Amino acid sequence: MGRRHSIAARKASWDAKKSQAYAKVWKIIQIAARKWADPKMNPSLELALSKAKQYNLPREVVEKAILKWSGQLEWENLEEIFYEWYGPEWVALLIRALTSNTNRSSMSIKGIMQKRGWTMGAIGSVAWQFKEQGVIVIDGISETVHDKGKTVERVLPLNKDELEERAMELPISDFEVEDNTVVIYVDKKDFAIVQNALEKFNYHMVESDIQFIPENTVKLNEEATNKLYTLLDVLEEDEDVDHVRHNLSN
């Protein structure tokens, strides 16, 4: 279905980005918290706090982000912006940025894309090809143990058959297995229900988010594919880029 990489590669990428995650998750919490400060009444904030938990974002950092929303702390005016681009063989990129300076973000992204010969699309020209969908990636069972006075989380092996049975009782769209990792796709409206249900079984979620999944995909040769993945890495290093989605087939 043209999902970004294989499940294993997605997990490796997720782990590699943890050290860069704090600033981006901080922005996501601020934007979500504007709608309502109580996560029980605000699904977007609930999702943002879940992402913070996955990255082990310190509690004080999360609380500070919400305080900024409440006006108790001075904060920057963040905006959510989507950039739409076309590349070789009509590969489409949908880039989501969270920024306090739209001119800075636009100049930075344009510089990266135009240097590589990509073409900016009109508003909506790329977005219509993607569907928002929940993605949950699980690689084991989370267990908390005490070791030498410290609380440590360890991940136990996953029983994929048991997980599949439980998942099939929930409103999921798709279930995929690769090696020791499972990825579950769910409609956006059912995402919180499925995520909360699976959390009760202490599944270790290396990724749990609403993503843009391509409805149709394209293929590239090996050289062009490698160039695309290099471009994705460059974009995701940008401080304002939250995520990038494409329609390249696996």
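A short reminder: the numbers here are calculations on the coordinates, not readings from a lab. Owing to the predicted nature of the structure, the values given are computational and were not obtained by experimental measurement. Cβ coordinates were reconstructed from backbone atoms using ideal geometry, including for glycine residues, and neighbour counts include every protein chain displayed.
Set the Förster radius R0 to 51 Å, insert the Cβ-Cβ distance between GLU143 and VAL234 as r into 1/(1 + (r/R0)^6), and round the FRET efficiency to 0.05. Taking R0 as 51 Å, the efficiency between GLU143 and VAL234 is 0.85. Looking at segment 164-233, which trypsin sites (Lys or Arg not before Pro) are DSSP coil and have at most 13 other C-beta atoms within 10 Å of their C-beta? Listed in order of number, the matching sites are LYS200, LYS219.
FRET efficiency for the pair LYS219 and MET107, taken as 1/(1 + (r/R0)^6) with r the Cβ-Cβ distance and R0 = 35 Å, rounds to 0.65. With no solvent and one point on each alpha carbon, what is the Debye value of log10 I(q)/I(0) for segment 130-213 at q = 0.12 Å⁻¹? Taking Cα atoms of segment 130-213 as identical point scatterers yields -0.36. Between GLU153 and LYS227, the contour length at 0.36 nm per residue exceeds the alpha carbon distance by 22.9 nm.
Between the DSSP loop rule and a limit of at most 11 other Cβ atoms within 10 Å, which GluC sites (Glu not before Pro) in segment 71-161 are left?
When the GluC sites (Glu not before Pro) of segment 71-161 are filtered for loop state and at most 11 Cβ neighbours within 10 Å, GLU74, GLU76 remain.
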